Each structure stands twice: as C-alpha cells, then as structure tokens.
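Here is the structure we will look at, set down as structure tokens.
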Amino acid sequence: MKNQRLSRPQNRQVSPIGGDASAAMQEKQGSIQIPKKKLYSYLQELYKKKSSRRENALRTLVEEFETNVRYEFAQNNFFTLVHRCQNCLKRSSALEVDLALQLIGLVVLTLGAGDNAHEIYEESLVFLPKLLNSKLSHSVEVLECLSIVTLVAARDFVDTERTMEIIWQFMNQETKHSSYVTAAAISAWALLLSDINICRIGHKKWKELIPYLLKQLEEGDEDVTAASIDALALIFEKGNLEKFSIQTQEYSSKRT
C-alpha cells in the first residue's frame with residue numbers, strides 16, 4: 001500500500017467457500033490453502049518469545065488472509081489474533097510491526113461490519129493512537145490500519161469522527177512530519193470524511209482544516225499537494241464550508 005494514496009475499499013460480503021469449487025478457485029489463482037489445523041499452529045506461534053518465529057507466523061497469516069477466504073477462522077479467533085498482534089507491536093522489529101498492522105486490517109476486512117469488527121475498532125482506538133505517536137517510522141502503516149478498521153467497523157458518524165480527530169491531532173503536532181507521512185495523514189482523514197454525512201459532524205472541531213490544507217499547498221511538495229487538493233475538492237463537493245473555516249465566504253468565491 002505504500003506510495004499510494006489511500007482509497008476506500010469496496011464494500012463486500014465475505015463468506016466461507018467450501019467444497020470442490022473452492023479448491024478449483026484456489027488452484028486457478030495459484031494459491032494453496034493451509035489446512036485449518038495447521039493454521040491454528042501459526043496462531044500459537046505468535047506466543048513465542050523469538051521474534052523471527054512471530055514474524056514468520058505473521059507473514060504466513062497475512063498471506064493466507066490475502067489469498068483465501070478465512071471467515072470462520074477470523075470469526076472464531078479475532079480476539080486472540082488482535083491481542084497477539086497488539087503484543088507484537090510492543091516488543092518487535094520493524095517488520096513485525098508492519099505485518100501485525102496488516103493482519104489487523106485483514107481480519108477486520110474478513111469479518112465485515114458487525115459486533116466483532118466493532119470490538120476490534122474499540123480496541124484499536126486504545127493502542128493504535130499510542131503507536132502512531134511513539135513509533136513515527138510506522139506512521140503510514142498505522143494510519144492505513146486505522147482507516148481500514150474505521151471504514152469497516154464504525155457503527156455511525158460518531159465512531160468515524162473519533163478516528164478523524166485522532167488523525168487531525170497527529171497532523172497538527174508541533175513536530176514536523178515527512179512529506180510522505182503528511183500526505184498519508186491528509187489522505188486518511190479525507191477518506192474517512194468521504195464516508196460520513198457531513199451535515200452531522202461537529203461545527204467547531206474542523207474550523208482550521210481548510211487553512212491547514214491551503215498552507216500545505218504552499219509547501220510545494222508533490223505528494224502533499226496532491227493529497228491536499230483531493231481533500232479540498234471533497235470538502236467543497238460536500239459543502240457546509242462553515243464547518244471547516246471561519247472564512248467561508250472568501251473560500252466559496254474561490255471555488256470556481
């Protein structure tokens with residue numbers, strides 16, 4: 001997902017596929033499905049102390065979720081999977097952190113909207129913001145994970161706006177982020193904005209948003225400029241500019 005601006009995943013229902021049709025599909029796609037019993041052994045590997053063993057297990061689980069539908073496994077083990085991933089985020093190598101974040105997102109995508117996914121959302125909003133601010137080298141991966149979890153698992157605009165506020169606070173830190181991270185944060189925020197009814201968001205929370213984006217345009221970085229333009233276009237398209245700046249009349253005249 002790196003070097004690409006975040007885009008909203010298409011909504012889809014995920015359900016188990018069984019029988020000969022499943023095997024034929026997997027063979028056609030060039031993927032080999034790991035037997036269920038063997039898959040559980042990789043989950044147990046996430047308890048190991050040796051980082052290389054956890055990395056290998058995470059890599060295998062990520063590949064399995066990417067190439068096969070593992071709804072039943074996710075449904076039965078989502079709590080353990082997420083908590084083991086959370087543990088991997090605390091005491092791990094850079095690769096292990098990235099793989100753990102990928103796996104959390106894949107588990108949520110596999111589950112789809114519902115109580116289980118929402119439980120992961122609530123849990124994620126406890127530990128992902130801490131990781132976002134403590135390990136800046138993983139900022140983009142954390143932002144992607146936050147966006148995926150929120151898009152799939154948020155129950156209403158209140159949930160979505162909670163994540164938007166976390167990203168906005170990160171964007172406004174005194175510490176200057178790299179252009180790559182800044183662009184990812186803007187894109188993540190805009191992605192979540194695209195998913196909610198703008199009439200229902202707070203009137204006071206986003207007053208500095210348009211000025212912030214216009215300032216980013218002045219910086220001249222290609223990635224940040226592109227992300228800022230996309231975000232501004234979305235804001236103008238949705239309307240209610242008074243929620244994003246106190247200078248609404250001036251910005252409205254600039255729209256054309």
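The values are calculated or read from the model by the stated rules, or taken from the named source; none is laboratory data. Note that the coordinates shown come from a computational prediction; the quantities given were computed from them, not determined experimentally. As a convention, Cβ positions derive from the backbone with ideal geometry for all residues, glycine included, and neighbour counts pool all protein chains shown. Heavy atoms of the whole protein, side chains included, go into the accessibility calculation; ligands, DNA and RNA do not. Shrake-Rupley method; radii C 1.70, N 1.55, O 1.52, S 1.80 Å.
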Go through Glu123, Glu72, Glu96 for me and flag whichever is within 18 Å of Ala154 (Cα to Cα), in a helix (DSSP H, G or I) and of a type in the set (Asp, Glu).
Glu123
So the check is Cβ under 7 Å with 6+ separation or different chains; which pairs have a first residue in segment 87-99 that's closer than 11 Å to Leu58 by Cβ and a second one that's open to solvent by 60 Å² or more (accessible area, probe 1.4 Å) and in a helix (DSSP H, G or I)?
Leu99/Arg59
I need the full set of residues from segment 227-240 which are over 15 Å from Asp195 (Cβ atoms) and open to solvent by 30 Å² or more (accessible area, probe 1.4 Å), in order please.
Ile229, Ala233, Phe236, Asn240
Residues of segment 41-93 satisfying the condition of being within 19 Å of the chain's Cα centre (by Cα) and open to solvent by 20 Å² or more (accessible area, probe 1.4 Å):
Arg59, Glu63, Glu66, Phe78, Phe79, His83, Arg84, Gln86, Asn87, Lys90
Quick check on segment 159-170. Is at least one of its residues within 28 Å of Asn68 (Cα to Cα), open to solvent by 10 Å² or more (accessible area, probe 1.4 Å) and touching a residue at least 24 places away in the same chain (Cβ under 8 Å)?
no
If a residue must be under 19 Å from Leu39 (Cβ atoms) and surrounded by fewer than 21 Cβ atoms within 10 Å (Cβ to Cβ), how many such residues does segment 111-130 contain?
1
Restricting the search to segment 94-108, which residues are modelled with pLDDT under 95 and either open to solvent by 40 Å² or more (accessible area, probe 1.4 Å) or in contact with a strand residue (DSSP E or B) (Cβ under 6 Å, 6 or more places away or on another chain) (or both)?
Ala94, Leu95
Can you run down the residue pairs with Cβ atoms below 7 Å, 6 or more apart or on separate chains, where the first is in segment 51-74 and touching a residue at least 40 places away in the same chain (Cβ under 8 Å) and within 10 Å of Glu96 (Cβ to Cβ) and the partner is open to solvent by less than 10 Å² (accessible area, probe 1.4 Å) and in a helix (DSSP H, G or I)?
Ser51/Glu96; Arg54/Cys88; Arg54/Glu96; Glu55/Glu96; Leu58/Cys88; Leu58/Glu96; Leu58/Ala100; Leu58/Leu103
Got a number for residues in segment 171-189 being more than 13 Å from Val140 (Cβ to Cβ), open to solvent by 10 Å² or more (accessible area, probe 1.4 Å) and under 15 Å from the mean Cα position of the chain (by Cα)?
0
Residue count, segment 75-93 (criterion: within 16 Å of Glu45 (Cα to Cα), of a type in the set (D, E, K, R) and assigned to a helix (DSSP H, G or I))
1
For residues that are more than 16 Å from the chain's Cα centre (by Cα) and in a helix (DSSP H, G or I), tally how many sit in segment 142-156.
0
Looking only at segment 196-229, which residues are under 15 Å from Thr160 (Cβ atoms), charged (D, E, K, R) and in contact with a helix residue (DSSP H, G or I) (Cβ under 6 Å, 6 or more places away or on another chain)?
Arg200
For Leu143, all conditions in the list (1) free of Cβ contacts under 8 Å to residues at least 40 places away in the same chain; (2) open to solvent by less than 10 Å² (accessible area, probe 1.4 Å); (3) not basic (Lys, Arg) hold save one; what is the number of the exception?
(1)
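Would you tally the residues in segment 192-226 being touching a Lys or Arg at 6+ places or on another chain (Cβ under 6 Å) and either surrounded by 14 or more Cβ atoms within 10 Å (Cβ to Cβ) or among the aliphatic types (A, V, I, L, M) (or both)? Write out each step before concluding.
Within segment 192-226, the subset touching a Lys or Arg at 6+ places or on another chain (Cβ under 6 Å) is 198, 203, 206.
Pick out the ones that are also either surrounded by 14 or more Cβ atoms within 10 Å (Cβ to Cβ) or among the aliphatic types (A, V, I, L, M) (or both) and you get 198, 206.
Of the residues in segment 192-226, 2 are touching a Lys or Arg at 6+ places or on another chain (Cβ under 6 Å) and either surrounded by 14 or more Cβ atoms within 10 Å (Cβ to Cβ) or among the aliphatic types (A, V, I, L, M) (or both).
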